[in-house]
Each structure stands twice: as C-alpha cells, then as structure tokens.
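A.B. asks: There's a structure below that I have some questions on.
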Amino acid sequence: MAINLMVASGFKPGAILKALRACAAHIAGCRLAIPVGLLVAALSLIDAALATTAHQSRQSPHLLPTRSDITTACSKPLYLTLDTGNMASAELIAEILNKHQVKASFFLANERTPWGNFALDEAWAPYWRERVREGHAFGNHTYDHVYFPPQPASDSPGQDKGFKARPQFGEHAGKTQLWTGEQLCKELGRVASRFESMTGTGLSNWWRAPGGKASEAAFAAARHCGYQHVHWASAGFLGDELPSERFSNAALLKKALDQIRPGDILMAHLGIWSRKEAFAPSLDPLIAGLKSKGFCFRTLKDHPAY
C-alpha cells in the first residue's frame with residue numbers, strides 16, 4: 001500500500017495522522033521507509049499533540065494564533081498607537097481592536113477621566129491587564145502628562161543644567177519648572193513601575209512626549225535613561241483632538257483612507273476632552289477600509305526603527 005502523505009494529508013496534522021493510521025493498518029504492504037516502532041511512536045506523539053491543542057482551544061481559545069497572527073508576509077504594515085487621553089472611549093476602542101484582530105501600541109499617562117479617577121488608578125488595572133493578555137504593546141507617556149515647552153537654542157540650558165517641564169496633573173499641575181535629566185528619568189520610571197505593579201509586565205523602552213514635542217535636552221535625557229521617542233506620520237495624525245465642528249468624523253476618515261501609506265505610525269487617543277463628537281467609532285470603518293486596501297497592523301515591536 002503506497003501512500004503519498006503530502007497529497008493525502010493536505011499538510012494538515014489531523015489528516016497526516018489519518019494517513020499514517022491507514023498505512024499502519026496495512027503495515028505489511030506499506031511503502032514507508034520508517035521502522036514500525038518509530039511509526040508507532042510518531043503516532044503516539046501526534047495523538048498527544050492534537051489532544052493538547054484541542055484542550056488549549058477549549059480552555060483558552062484566545063491564546064491560539066489567529067489567521068492574521070500567522071501571516072508571515074506583510075508588505076503594507078501600519079502601526080496604530082493610542083495615547084491614554086481621558087479614557088472615555090477606552091472600552092469601545094478595545095472592542096473595535098478585538099473585532100478586527102488588531103494589535104496596537106498604547107502610550108500610558110495617569111490622566112484624569114470623566115469618572116473622577118485616573119488612567120493608572122487601581123480601577124483601571126483590569127483594563128490594562130486585559131490589553132496585556134490580548135497581546136498589545138505598551139510605551140510611556142510620562143506619569144503626570146508632562147509638557148515640555150520649546151526652548152530657543154540660545155536659551156536652552158542643556159541636559160546637564162535642565163530644561164522646561166510643565167505637568168498637566170499631579171502636585172505641580174500647570175506649573176512650568178526647570179527639570180534635570182534625572183527628574184525626567186524618575187517621571188518615566190513612575191509609569192513603568194505602576195504598569196508593572198498592575199499587570200506584572202514591563203513597558204517597552206519607548207516614550208512619547210505629550211503633544212509629540214520636547215526640547216532636544218529633554219529628548220537627550222530620555223535617551224540617557226533608555227527611552228526612544230516615538231512620533232507619528234503626518235497622515236497618521238487621525239485628528240481625534242481637533243474640534244468636531246470644523247473636522248467631522250466623516251472628513252477625518254476620508255482623509256486618513258486617502259493619505260495613509262505603508263509604514264505609517266498612526267496616532268489617536270482613548271478619549272479626548274476637547275472634541276464633542278468622539279472619533280473612536282470611526283476607528284471601526286477606518287481599520288476595515290485600510291485592511292480592504294491590503295494594509296496590515298503591527299505593534300511597534302515589529303517596527304524596524306524600534
């Protein structure tokens with residue numbers, strides 16, 4: 001009995017097992033250059049592997065790779081990044097990402113939410129743990145959402161002497177201070193420590209300055225403590241913080257679909273105070289539209305620059 005395993009099985013483990021069993025049932029005439037004992041051992045191993053896979057599928061279906069996860073070729077990658085913002089749309093965005101099986105990169109700050117708590121409070125710990133479980137990536141947005149006002153080169157004291165910093169939240173909210181590189185490293189470390197205490201997982205070594213801007217001294221200080229800054233592509237600015245009276249969701253959606261190009265880093269928030277019409281629902285047709293054009297989504301862990 002001659003059996004072409006590749007043809008008979010279609011390269012599927014279950015079908016391979018079936019073909020091997022068929023061959024074993026006619027072992028006297030089976031044209032396989034495999035000792036009988038080795039064949040029996042192989043059958044046992046495949047049986048055990050299939051049983052384990054079936055058990056994992058029943059117990060934790062989310063741990064199994066999806067079709068998009070195992071796609072090896074991705075010629076048009078995009079990198080969706082999400083800053084915390086006020087978290088008002090956080091749950092909706094998580095649902096949309098799950099719906100489309102998209103993994104994003106989150107940048108975390110302890111920002112105030114509409115419910116009176118803050119994004120890194122214990123009340124939000126289950127949210128972040130769930131995003132970790134889903135396989136997203138995480139970077140740093142400074143704990144108190146610290147802005148770094150521009151400094152003219154002639155006025156810049158340099159990393160060793162300090163640079164301007166203005167926290168939006170916390171004890172020094174709204175006050176422009178002169179920070180040292182050590183203070184910035186400590187600020188970034190607060191986010192990393194808090195995230196690890198909530199999730200048991202460390203942050204990646206990326207950071208994003210609020211507003212995407214900082215003095216060169218601040219950038220240098222962050223690099224000194226191991227953080228690489230991540231900006232976004234011009235077309236990747238999704239506009240969710242622009243006034244909805246002038247920039248409708250439909251207009252922003254069309255612009256993004258028309259202008260986004262392969263390799264772009266996209267940026268939006270998990271909620272914005274300044275916009276009346278939340279942009280978050282538009283992520284659903286945006287992701288669907290981009291996928292229909294052949295784009296695929298990856299986290300910054302897969303970005304060649306990071």
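The values are calculated or read from the model by the stated rules, or taken from the named source; none is laboratory data. The structure displayed is predicted, hence computed values, not measured ones. For neighbour counting, all protein chains shown are included, and Cβ atoms are generated from backbone atoms with ideal geometry for every residue, glycine included. Note: accessible area is taken over every heavy atom of the protein model, side chains too, but ligands, DNA and RNA are not part of it. Shrake-Rupley method; radii C 1.70, N 1.55, O 1.52, S 1.80 Å.
A.B. asks: Looking for whichever is within 20 Å of residue 100 (Cβ to Cβ), among the small types (Gly, Ala, Ser) and in contact with a Gly (Cβ under 9 Å, 6 or more places away or on another chain) here; the options are 280, 251. Which one fits?
C.D. replies: Selected residue: 280, the only one of 280, 251 that is within 20 Å of residue 100 (Cβ to Cβ), among the small types (Gly, Ala, Ser) and in contact with a Gly (Cβ under 9 Å, 6 or more places away or on another chain).
A.B. asks: Please work out which one of (1) closer than 28 Å to residue 113 by Cα; (2) touching a residue at least 40 places away in the same chain (Cβ under 8 Å); (3) part of a loop (DSSP other than H, G, I, E, B) is the condition residue 233 fails and give its number.
C.D. replies: Of (1) closer than 28 Å to residue 113 by Cα; (2) touching a residue at least 40 places away in the same chain (Cβ under 8 Å); (3) part of a loop (DSSP other than H, G, I, E, B), only one is false for residue 233: (2).
A.B. asks: Here's a follow-up. Regarding residue 174, is this residue surrounded by fewer than 18 Cβ atoms within 10 Å (Cβ to Cβ) and within 13 Å of residue 120 (Cβ to Cβ)?
C.D. replies: The answer is no for residue 174.
A.B. asks: Only residues in the range 86-106 that are within 18 Å of residue 278 (Cα to Cα) count as the first member; pair them with residues that are at pLDDT 95 or above and among the basic types (Lys, Arg), Cβ under 9 angstrom, at least 6 apart or cross-chain, and list the lot.
C.D. replies: 86/112; 87/112; 94/131; 97/103; 97/131
A.B. asks: Sticking with this one: Can residue 101 be described as of a type in the set (S, T, N, Q) and closer than 23 Å to residue 176 by Cβ?
C.D. replies: So residue 101 fails the test.
A.B. asks: Out of curiosity, is residue 159 surrounded by 14 or more Cβ atoms within 10 Å (Cβ to Cβ) and either among the β-branched types (Val, Ile, Thr) or at pLDDT 95 or above (or both)?
C.D. replies: no
A.B. asks: Another question, if that's okay. Does residue 212 meet the test of being modelled with pLDDT of 95 or more and open to solvent by 40 Å² or more (accessible area, probe 1.4 Å)?
C.D. replies: no
A.B. asks: In addition: Restricting to the range 285-296, name every residue that is part of a helix (DSSP H, G or I) and open to solvent by less than 40 Å² (accessible area, probe 1.4 Å).
C.D. replies: Scanning the range 285-296 gives 286, 287, 289, 290.
A.B. asks: Follow-up. If I ask for residues that are assigned to a loop (DSSP other than H, G, I, E, B) and β-branched (Val, Ile, Thr), which ones from the range 183-223 would you list?
C.D. replies: Passing the criteria: only 201.
A.B. asks: Could you tell me how many of the residues in the range 258-276 are touching a residue at least 12 places away in the same chain (Cβ under 8 Å) and surrounded by fewer than 16 Cβ atoms within 10 Å (Cβ to Cβ)?
C.D. replies: Qualifying residue count, the range 258-276: 7.
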